[in-house]
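Structure, as structure tokens:
The values are calculated or read from the model by the stated rules, or taken from the named source; none is laboratory data. The structure presented is a predicted model; accordingly, all values stated were derived computationally and were not measured. Backbone-built Cβ (ideal geometry, glycine too); neighbour counts: all protein chains shown.
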Amino acid sequence: MVQLEIRKNAYYDSVTLMRISKELKKLEGVQEALVGMGTDLNREIAGHIGVTSPRLETEVTANDFFVAADCESEAVFAAVKQTVDALLNEKAEAGDSAYRPPTLDGALKIDPALNMALVSVPGKFAANVAMECLEHGINVLLFSDNVTIEEERALKEYAYAHELLLMGPDCGTAIINGVPLAFANVVRRGDIGVVAASGTGAQEVSSLIDRFGGGVSQLIGTGGRDLKIEIGGPMMKLGLDALKNDPQTRVIVLVSKPPAPAIAREMLALATEAGKPVVVCFIGGDRAEVERFGLTAAVSLEDAAQKAVALSRGETPEDFTGFSMGEAEAAALARKIAAGFAPGQRFVRGFYTGGTLCDESMKLMIPTLGHIYSNIPLHKEDLLADAKGGESREHTCLDFGDDAFTVGRPHPMIDPSLRAERVLTEADDPTCAVILCDCVIGYGSHPNPAEDLAEAIRGARQTAANAGRQLACICAVCGTEGDPQGLSRTQRQLEEAGALVLPSNAQAARFALLILDALRKEGTNA
Amino acid sequence: MREWNASAVCNRLLPLLNGAGRPLTVHSVFLRAVNLKLPGRRGLIGLIAEPGCLTPYSAVVQTDAPFSNAGICAGTAVFAEDRALRFPEAGLSVNLGSAEAVDLRVSTIAPFCRRPAEGAADALTQALRGSGAQNGLAALATGGEGNAYTRLVGKRFPALVSAVSQGDVEAAARAAASIAGCGAGLTPSSDDLLTGYLTALPLLAKKPREETAALVTAMTEAAAARTGDISASFLLQCGEGLSHRTFLALLRAVFESQDAVKPAAERVLAIGATSGADMITGLILALRQYIGGI
């Protein structure tokens, strides 16, 4: 039955009208719907698609809004009208509560006390926008990338001189006064402050701090280039200083790839003056150098979190390089898995959405494996040509957040489908034994990143099984129970697809090594 | 009384308001725009919140609240006084006097240059394809998947092209009327397509400017009579040889520099839900008609 709703002299913006049209077509019992202004041609279209009626011809004019729907019943049309009302009211209420002033001046007019801005504009405009914020005394999280190193230096010189944070560029994670910014996880508030030159590194550390029962006071991002010689580490310095003087912070964690030696020494020297325990995670860096300064060195992101929580409790921090399930159980499981591989299966393939997680995994595995080909290789000679379109080579780990994969596409933490496709195609390679993946949840991430990955794992394992092989798919979820996606819910999805889910990225990488070691000892695939 | 300031104003607006004897009336109110009706005038006057696009007979205003929450209601009176618009029932005054006055005439673009920059048309089409616009008429330019609207307009558009090519004013007006008012948006897609097409026509047509102007005026008048007030307003402005500031920037890029086309097109694509895409569709169809090979 065709039903019609008319609103005389009613004008709604086009985005709202399109949304109404889209939502109505999803309603059960609605065969067809047309939404629009009552022009002659729109009424003609209504006739073409079977939703016209005499009232549409006689009562509606070009300045009237109409909804015409072919519904199974009047009850269904009542639902149609309710949906239209709900969407129009949502728009009206959004105007009230979610008004976003379109300019900085407008925002300051509403709230002159604003002191934090998140800047996410195309790179060529980002420096100017960030500087405008700094000049108004506003701290900045600069999410944008493609900011030149010269621009970054100028911004940070200004920011440092005025004791303002310029977190970035290309900074994806921060938690300031308990407020998560950009990609961040829901973590308990506590007394551990983090300064990180790494997005997923910060997410892994903060999530694990929460899981180990600790809490985060502040998480300050610096951007990946902050500790380069050309920049000199101003935001790491400012962050350290801020946490040193923050009465809520009792333990400090520094997270970064190993900086240039001179910068490292400067940062470590500053850290010794913090007056609080400092855990330093220079991923894959020289722990002896850190310990020479009397600081606590971490051998992995997980180890950094463990040690920070221990220090926060007044306990002595100890290295954690094992497995939560226990060494013996892990070894037994690895042997069992290794026994199931077909001849020829011998390589690990890691596919990551978080660059730091990929980097950490490679650093943990490379002392044993020797070479790991990658688009972000640890050794230049291990650069994988055509990482996106080509095939994996021997042991391979790929960062799907790297530019090669993200030109014209959203970041894989937002759209993980490309990584999932790679998992599926990898199953055709008879030399692939272990697939390693991260799964990052939290604010900003895909609402259900495990879904695509689980399906790909299911498909890959089936493909391998059909060819008489088995695939060991090992995953680690970076996130917390408090995250919108839910840690255990995400882990369960992956387990149900046949993945083995380890509690941390480091454990996942170490477990992959355990399997390959068991395989080697088996001797069947030497 | 609360005061907001306009940062930019169409240079035709203040003279028009100075001549207004009677109060204006609020025609429609949105989060980021208000339309005002001036007695005796068919086209509407617009107030647009920053950083929105300046359109003919409008002003861009620095707001600190949505228009729809500022106490402005349809049907209420507005007074044009001392280079300001006063909304007594809302306790609001919008000052226009210190705004940058902008000339939105299409004739300000490359008056001596009639051919688009090489590669500009391709860049335009690629930008349209890349936008993924599905609900409007973009498929008429990109060849993508169509919809009920593209099927209707697509059948009738050749008659319009033929009438325009022959300079047949009456036939062209009938053809424009035959496709006006078709589409889902507040400004139906076909009206935006016509606006894009007819704005570019004077820059491309090989006829004398006055002839083309007469054609455009007749077509926009005929189309305006077949659609709602807001869309009609834009069509009539097009008939006067005026256009949106963002669309003028795109036209400039099309005629001057291929490199500038993509960013300019992206700013137009951001207009409305499909309005920008439909205007670009109209522009591409005009380019095809006169240049070919796109």
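Taking the criterion of being among the small types (Gly, Ala, Ser), at pLDDT 95 or above and not in a helix (DSSP H, G or I), would at least one residue in region A:195-213 satisfy it? Yes - at least one qualifying residue is present in region A:195-213.
If you filter region A:374-408 down to residues that are over 22 Å from residue A:439 (Cα atoms) and in a helix (DSSP H, G or I), you find that the one that is farthest from the chain's Cα centre (by Cα) is A:381. So is residue B:59 at pLDDT 95 or above, out of contact with any Gly (no Cβ under 7 Å at 6 or more places or on another chain), more than 13 Å from chain A (Cβ to nearest Cβ) and part of a strand (DSSP E or B) or not? Yes, satisfied.
Only one of the listed residues (A:132, A:163, A:157, A:151) is surrounded by fewer than 20 Cβ atoms within 10 Å (Cβ to Cβ), in a loop (DSSP other than H, G, I, E, B) and among the acidic types (Asp, Glu). That residue is A:163.
Among the residues that make up region A:31-45, is at least one of them over 30 Å from residue B:67 (Cα atoms), more than 14 Å from every other protein chain (Cβ to nearest Cβ) and modelled with pLDDT of 85 or more? Can you show your working first?
Start the filter on region A:31-45 by keeping residues that are over 30 Å from residue B:67 (Cα atoms), which leaves A:31-33, A:40-41, A:43-45.
Checking which are more than 14 Å from every other protein chain (Cβ to nearest Cβ) leaves us with A:31.
Now narrow it down to the ones that are modelled with pLDDT of 85 or more: A:31.
For region A:31-45, residues over 30 Å from residue B:67 (Cα atoms), more than 14 Å from every other protein chain (Cβ to nearest Cβ) and modelled with pLDDT of 85 or more: present.
As a summary of the residue check, residue B:40 satisfies the conditions (1) within 22 Å of residue B:225 (Cα to Cα); (2) surrounded by fewer than 20 Cβ atoms within 10 Å (Cβ to Cβ); (3) among the small types (Gly, Ala, Ser); (4) in contact with a helix residue (DSSP H, G or I) (Cβ under 9 Å, 6 or more places away or on another chain) except for the one numbered (4).
Results for (1) within 8 Å of another protein chain (Cβ to nearest Cβ); (2) of a type in the set (D, E, K, R); (3) over 19 Å from residue B:148 (Cα atoms), shown as yes or no for each residue.
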{"position": "A:8", "(1), (2), (3)": "no, yes, yes"}
{"position": "A:13", "(1), (2), (3)": "yes, yes, yes"}
{"position": "A:19", "(1), (2), (3)": "no, yes, no"}
{"position": "A:22", "(1), (2), (3)": "no, yes, no"}
{"position": "A:26", "(1), (2), (3)": "no, yes, no"}
{"position": "A:29", "(1), (2), (3)": "no, no, yes"}
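Scanning region B:146-183 for residues that are farther than 16 Å from residue B:282 by Cβ, of a type in the set (A, V, I, L, M, F, W, C) and either over 20 Å from the mean Cα position of the chain (by Cα) or facing another protein chain (nearest Cβ under 8 Å) (or both) returns B:148, B:169, B:171. Per this entry, residue B:231 is counted among residues that are among the small types (Gly, Ala, Ser), within 14 Å of chain A (Cβ to nearest Cβ) and surrounded by 24 or more Cβ atoms within 10 Å (Cβ to Cβ).
Yes or no, residue by residue, for (1) more than 12 Å from every other protein chain (Cβ to nearest Cβ); (2) in contact with a helix residue (DSSP H, G or I) (Cβ under 6 Å, 6 or more places away or on another chain); (3) in a helix (DSSP H, G or I):
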| site | (1), (2), (3) |
| --- | --- |
| B:185 | no, yes, no |
| B:211 | yes, no, yes |
| B:252 | yes, no, yes |
| B:261 | yes, yes, yes |
| B:282 | yes, yes, yes |
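Contact annotation: residue pairs with Cβ atoms under 7 Å, 6 or more positions apart or on different chains, pairing a residue in region B:53-80 that is over 23 Å from residue B:102 (Cα atoms) with a partner that is part of a loop (DSSP other than H, G, I, E, B) and among the small types (Gly, Ala, Ser), are B:71/B:91. A single member of B:63, B:55, B:76 is crowded, with 22+ Cβ neighbours inside 10 Å and touching a Ser or Thr at 6+ places or on another chain (Cβ under 9 Å), and it is B:55. Number of residues in region A:479-499 that are in contact with a Cys (Cβ under 7 Å, 6 or more places away or on another chain) and outside any loop (DSSP other than H, G, I, E, B): the value is 2.
Using the structure shown, decide if residue B:206 is surrounded by fewer than 22 Cβ atoms within 10 Å (Cβ to Cβ), touching a residue at least 60 places away in the same chain (Cβ under 8 Å) and part of a loop (DSSP other than H, G, I, E, B). Spelling it out, residue B:206 is indeed surrounded by fewer than 22 Cβ atoms within 10 Å (Cβ to Cβ), touching a residue at least 60 places away in the same chain (Cβ under 8 Å) and part of a loop (DSSP other than H, G, I, E, B).
Filtering region B:264-273 down to residues that are more than 14 Å from residue B:129 (Cα to Cα) and in a helix (DSSP H, G or I), which residue is nearest to the other protein chains (Cβ to nearest Cβ)? Applying the filter and picking the extreme gives B:267.
Yes/no matrix, rows are residues, columns are (1) out of contact with any helix residue (DSSP H, G or I) (no Cβ under 6 Å at 6 or more places or on another chain); (2) aromatic (Phe, Trp, Tyr); (3) surrounded by fewer than 24 Cβ atoms within 10 Å (Cβ to Cβ):
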{"site": "A:436", "(1), (2), (3)": "no, no, no"}
{"site": "A:444", "(1), (2), (3)": "yes, no, yes"}
{"site": "A:455", "(1), (2), (3)": "yes, no, yes"}
{"site": "A:478", "(1), (2), (3)": "no, no, no"}
{"site": "A:481", "(1), (2), (3)": "no, no, yes"}
{"site": "A:486", "(1), (2), (3)": "yes, no, yes"}
{"site": "A:497", "(1), (2), (3)": "no, no, yes"}
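Between B:140, B:85, which is part of a helix (DSSP H, G or I) and crowded, with 21+ Cβ neighbours inside 10 Å? Explain how you work it out, then say what you get.
On the way: B:85 fails: part of a helix (DSSP H, G or I).
The unique qualifying residue is B:140.
Residue B:133 meets the conditions (1) at pLDDT below 90; (2) in a helix (DSSP H, G or I); (3) closer than 21 Å to residue B:195 by Cα in every case but one. The failed one is (2).
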